Each structure stands twice: as C-alpha cells, then as structure tokens.
Amino acid sequence: MTDTIKVGISHGDINGISYEVIMKTLLDPRIMEMCTPIVYGSPKVAAYHRKALNINNLSLNHVRSAKEAGPGRAHVLNCIDDNIRVELGKSTPDAGEASFMALDKAVTDLHEGLIDVLVTAPINKDNIQSEKFNFPGHTEFLAQRFNSPNFVMLMVSETMKIGLVTTHLPLSKVAEHITKEVILSKLRIISQSLQQDFAITRPRIAVFGLNPHAGDNGLLGQEENEIIQPAIIQAKKEGIIALGPYPADGFFGSENYRKFDAILAMYHDQGLIPFKLASFDRGVNYTAGLPVVRTSPAHGTAYELAGEDKASPDSFRQALYLALDIYKNRKIYEEISKNPLKKYDINSNQEDESVDIEAEEDNNY
C-alpha cells in the first residue's frame, strides 16, 4: 500500500515524556498498517530516550524530507541542532527552542501538503515563548498559521466532547470575552465539526452557563439571560440543536452529558476539570475549525515522569487514532457533499417544534 496517511508528529519538549509516549505508541506494528508516521525532532534525541527507557525493538528511519518517508515503517526527520542537550525533567531554553523548531517544520509541511495530519506532543508553554512563538499554546499558533480566527479547542474522549468559548485566559478576564457573537461562532464550528469530522447527523450540543447555577434566573449574574440564552436562540434559528444554559455541576453530577454529542463550556477549567477527571489517560485535544487536522494528547510534559518508563501512551495513541479517523471522515464528507440535493422548505415549523420539545425535556431534571 503506497497511499497510507502521512502523520506528522512534532516531538514536543525533549526533557519531558514526549519521546516516551511517541515511541511506545509506534511500537505497535498495527500503526504502520494504518499510516506512515514521521517524527519531527531529532534522531539523536530519540536515541537518547530509547536508551534511557531501554526500548530496543523500535527502529526510526532517518529521512531528510517528508517526501522520502515510505509506508511500512516509522521515520524521524531532524529539525534541531545535533548538539542539543537533553536534561530530563527540567524546563530549559534549549528544550523550548527545540519544541518550536520541530513544530514549525511540521506545520510548514502540513501547510504544503507533505503530510496529511499533525499530532503534537506536549510542549512547555513557558519555555517555548520567543519572538517567533508568542502564543498561549499550540491551538492559537495553528489558528494564526492557517489564517483561521474562528476555532474551538475541543476535548474528545469516548464518553464526551467538550468545547471551550474561552481557552487560555486569566479567570478575571473571562466574563468580558463572553459575547453572543463568540458563543454563536463556537456553536457553528462545533456543529459543523461534529457532522464533518465525527460523522454525527443532527448533533445535540449542551451549553453551560457562566455563573453558579447558570445565574439562578439573574440572581447570580445576567450573562445567561442577556448573552448566552440569546446566542442559543439564534443558533436554533440556524438549525443548530443547542440546549441550555445548564449549570455545569448538576449537569455532570446527573450524568446528563451522556445525552449530548458535545458540550460548550464557557472557560477552561469549567470544561477541562470534569473532562480530565473522566478521561485523563485517553483524552485528546482537537482543534476544530481549522482547514487541517491537528490532535494532541490531553496531558502535559510530565517532567516528574521523564525517563522513568512510567508514562502511559494511551492518550497519545488515541490522538493519533483520532487524527486518522477525522481525516477519513472529512474525505467521506467531502465526497458526499459534492452534489447536494436541492433543499425544500417543507413543514419547517414542525422541525422548530421538535427542537423546542427536546429543550423542554432536557430542562426537566
């Protein structure tokens, strides 16, 4: 098979667990049947980690370009200075620079179509900062590189999908960034992504409130009545099945997340704390709304585990699987959307009524 999906893997922070989870994932021979993995990093750094972890049964073929990477084996493409020093468990400027250089090269190749999808290993958001990388994280960097101002950080697991209205913001600044227009934009992206990337027809999206108890009818804040609810109403008019706003604590406590295809949380910890409690080992960070496919494991650099052979590759493996699934789903969606049937407005009121009934049922708990 010569047309397997080419998966670019940026090596992340060289002093953390990135190489460990990458190599443990690539040890599975079935991976080579599904795709052609290309690690954007360093053969020497890979060899260092392989020795430290006593991984002897993995061979990485050194290529000078993604064009040289053929199917049936894993590859590594050198992106950094050969004299780089690995200091396990430490945050260093050199590690930050190495993170950026690998990411920059992988994103360039993704932009030029030399790889099909990108899986990013964890970076340290502090040591990677420079004149070339002045972003809170991968998500914002990729959004700029692909000229996609509208995107959603979507956390994905087998049990839930949680998108965020605001991402890496101080809590004191969250409220000022919650607007009807922003919420509506996120709902549009999530709805489209669920259909295009996850092959879900008529997806149902739960929307959280900003304040405790979703404002308690204005007693604890007006954002729900003045901003969030109007955004939900407009989304419904556009055919998006968005329901809420729900209080986050009761929503998860009653397991109502099982009734929805996705959730839109207002800020980082509101969505990620419950997500990581339920799915830390197998969760995936996906950037919805980009013209390309990028995934990442839900965990960070985990310096405390570096070189200890204790890091689980499950989240990284799921990130790679998800990237492949989304790539395939997009191809199918593109094919079936080429010649859409002409739409006729037949009994549109009945559709509106059905959505209202669903909303009423879901509010009764």
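The values are calculated or read from the model by the stated rules, or taken from the named source; none is laboratory data. Note that the structure is predicted; figures quoted are calculated from it, not measured. We place every Cβ from the backbone using ideal geometry, glycine too, and count neighbours over all the protein chains shown. Heavy atoms of the whole protein, side chains included, go into the accessibility calculation; ligands, DNA and RNA do not. Shrake-Rupley method; radii C 1.70, N 1.55, O 1.52, S 1.80 Å.
In terms of modelled amide H atoms, which long-range or inter-chain residues lie less than 5 Å from the amide H of LYS161?
ILE263
What whole number of Å gives the distance from the Cα centroid of the range 86-162 to the Cα centroid of the range 178-217?
Cα centroid to Cα centroid, the span is 25 Å.
What is the diffusion coefficient of the range 219-335 in µm²/s, taking the Kirkwood radius over Cα pairs and the Stokes-Einstein relation at 37 °C with a viscosity of 0.692 mPa s?
Values: Rh = 17.1 Å.
So the translational diffusion coefficient is about 192 µm²/s.
Report, in deg cm²/dmol and to the nearest 500, the calculated mean residue ellipticity at 222 nm for the chain, where each DSSP H run with n ≥ 4 adds -39500 (n - 2.57) and the sum is divided by the residue count.
-11500 deg cm²/dmol
What are the ³J(HN,Hα) values, in whole Hz, obtained from phi via the Karplus relation 6.51 cos²θ - 1.76 cosθ + 1.60 with θ = phi - 60°, for each residue of the range 287-297 in sequence order, with x given for Gly and Pro?
8, 7, x, 8, x, 10, 9, 9, 10, 7, x
At 0.36 nm per residue, and after removing the present C-alpha to C-alpha distance, how many nm does the segment from ASP249 to ASP325 gain when stretched out fully?
On the way: separation 76, 0.36 × 76 = 27.36 nm, distance 3.14 nm.
Additional length available on full extension: 24.2 nm.
Apply the a/c threshold of 1.5 to the C-alpha gyration tensor of the chain and tell me whether it is rounded, prolate or oblate. Let's see the in-between values first.
Working: a/c = 2.21, a/b = 1.65, b/c = 1.35.
Prolate is the answer for the chain, as a/c is 1.5 or above and a/b outweighs b/c.
Pop the C-beta distance of LYS90 and LEU114 into the FRET formula with R0 = 30 Å and round what comes out to the nearest 0.05. Don't skip to the answer; put the middle values down first.
Numbers: r = 33 Å, r/R0 = 1.09.
Efficiency, from the Cβ-Cβ distance: 0.35.
Under a crude label model (7 Å from the Cα following the beta-carbon direction), how far is ASN61 from ASP81 in nanometres?
A separation of 3.1 nm, rounded to one decimal place.
So if R0 is 22 Å, what FRET efficiency would ARG258 and ASP281 give, r being the distance between their Cβ atoms, rounded to the nearest 0.05?
Numbers: r = 20 Å, r/R0 = 0.89.
E(calc), rounded to 0.05, equals 0.65.
Of all DSSP beta bridges in the chain, what percent run antiparallel (nearest 5)? Walk me through the intermediate numbers first.
On the way: 11 of 42 bridges.
Antiparallel: roughly 25 percent of the beta bridges in the chain.
Rounded, prolate or oblate for the range 205-268? Axes are the square roots of the Cα gyration tensor eigenvalues, ordered a ≥ b ≥ c, and the cut-off for rounded is a/c under 1.5.
Working: a/c = 2.09, a/b = 1.05, b/c = 2.00.
Oblate shape, in that a/c is at least 1.5 and b/c is the bigger or equal ratio.
Please provide three numbers in whole Å: the alpha-carbon extents of the range 143-235 along the principal axes, with the largest listed first.
The Cα atoms of the range 143-235 stretch 40, 31, 26 Å along the principal axes, largest first.
Please state the shape class of the range 140-193: rounded when a/c is under 1.5, otherwise prolate if a/b exceeds b/c and oblate if not, all from the C-alpha gyration tensor. Can you show the working numbers first?
On the way: a/c = 1.40, a/b = 1.17, b/c = 1.19.
Cα axes put the range 140-193 in the rounded bin.
Quote the accessible area belonging to GLU255 in square angstrom, nearest 10, computed with a 1.4 Å probe and with ligands, DNA and RNA left uncounted.
Only protein atoms counted, so the area is about 90 Å².
Semi-axes, largest first, in whole Å: what does sqrt of 5 times each Cα gyration tensor eigenvalue give for the range 273-321?
Equivalent ellipsoid of the range 273-321: 22, 13, 9 Å, largest first.
What is the count of Lys pairs in the range 1-120 whose alpha carbons sit under 16 Å apart, if the two are 8 or more places apart or on different chains?
On the way: LYS6/LYS67; LYS6/LYS105; LYS24/LYS51; LYS67/LYS105.
Eligible lysine pairs with Cα atoms under 16 Å apart amount to 4.
How do ARG294, ARG317, ARG145 rank by accessible surface area computed with a 1.4 Å probe, from largest to smallest?
Ranking ARG294, ARG317, ARG145 by accessible area, largest first, yields ARG145, ARG317, ARG294.
In nanometres, what is the gap between the two model label sites at GLU334 and ALA47, each 7 Å from Cα along Cα-to-Cβ?
3.9
On the full set of protein chains, 1.4 Å probe, figure out the accessible area of ASP94 and give it in Å² to the nearest 10.
Spelled out: ASP94, probe radius 1.4 Å, area about 80 Å².
Expected output is a single nm value to one decimal: the length gained when fully extending between SER148 and THR179, i.e. 0.36 nm times separation in residues minus the C-alpha distance. What is it?
Numbers: separation 31, 0.36 × 31 = 11.16 nm, distance 1.90 nm.
The span from SER148 to THR179 would gain 9.3 nm if fully extended.
Treating the angle as unsigned and between 0 and 90°, give the value, to the nearest 10°, between the Cα long axis of helix 314-336 and the longest Cα principal axis of the chain.
Helix 314-336 and the main axis of the chain meet at about 60 degrees.
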